[in-house]
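Visitor: Structure below; questions to follow.
The values are calculated or read from the model by the stated rules, or taken from the named source; none is laboratory data. On a predicted model such as this, the values are computed, not experimentally measured, just so you know. Every residue, glycine among them, receives a Cβ derived from its backbone with ideal geometry; neighbour counts consider all protein chains shown.
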Amino acid sequence: MGEIKILRKTKHELELELKGEDHTFLNALKSALLQNEGVKIATYDIECPGISDPVLYVRTKDTDPIEALKDASALLSKQCDGFKRKFKKKAQ
């Protein structure tokens with residue numbers, strides 16, 4: 001993960017630039033965000049793949065968007081840990 005730059009933050013909106021990331025990570029992050037009932041919109045845009053950095057946009061109903069992003073990150077981490085454990089068991 002490269003640098004994270006906050007482009008805009010309000011009470012219910014957050015816009016971040018995630019340097020060096022691509023569709024693989026952003027799709028997973030978007031999916032995790034949308035599992036939170038407090039998240040109204042989670043989407044991202046990459047203007048020119050391979051050249052420009054993606055911008056993530058989050059709008060919440062009544063939740064702080066930074067807290068929603070922290071929760072989504074924790075969920076992704078938990079899912080990755082679960083996969084890692086299951087894979088290690090099967091790979092032995």
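Visitor: Condition first: touching a strand residue (DSSP E or B) at 6+ places or on another chain (Cβ under 8 Å) and part of a loop (DSSP other than H, G, I, E, B). Now tell me which residues in segment 48-75 satisfy that.
Guide: Matches in segment 48-75: ASP53, PRO54, LYS61, THR63.
Visitor: Can you pull out every residue in segment 14-43 that is under 10 Å from the mean Cα position of the chain (by Cα) and either farther than 19 Å from ALA74 by Cα or exposed (fewer than 12 other Cβ atoms within 10 Å of the Cβ) (or both)?
Guide: ASN27, the sole residue that qualifies.
Visitor: Another question about this same structure. Of all residues in segment 1-46, how many are among the small types (Gly, Ala, Ser) and at pLDDT below 95?
Guide: The qualifying residues number 2.
Visitor: Under the condition of being more than 14 Å from ALA42 (Cα to Cα) and touching a residue at least 40 places away in the same chain (Cβ under 8 Å), which residue from segment 56-78 is surrounded by the fewest Cβ atoms within 10 Å (Cβ to Cβ)?
Guide: The qualifying residue surrounded by the fewest Cβ atoms within 10 Å (Cβ to Cβ) is ASP62.
Visitor: LYS11 - would you say it is in a loop (DSSP other than H, G, I, E, B) and either in contact (Cβ under 8 Å) with a residue 40 or more places away in the chain or surrounded by fewer than 11 Cβ atoms within 10 Å (Cβ to Cβ) (or both)?
Guide: Here the answer is yes, as LYS11 does meet what is asked.
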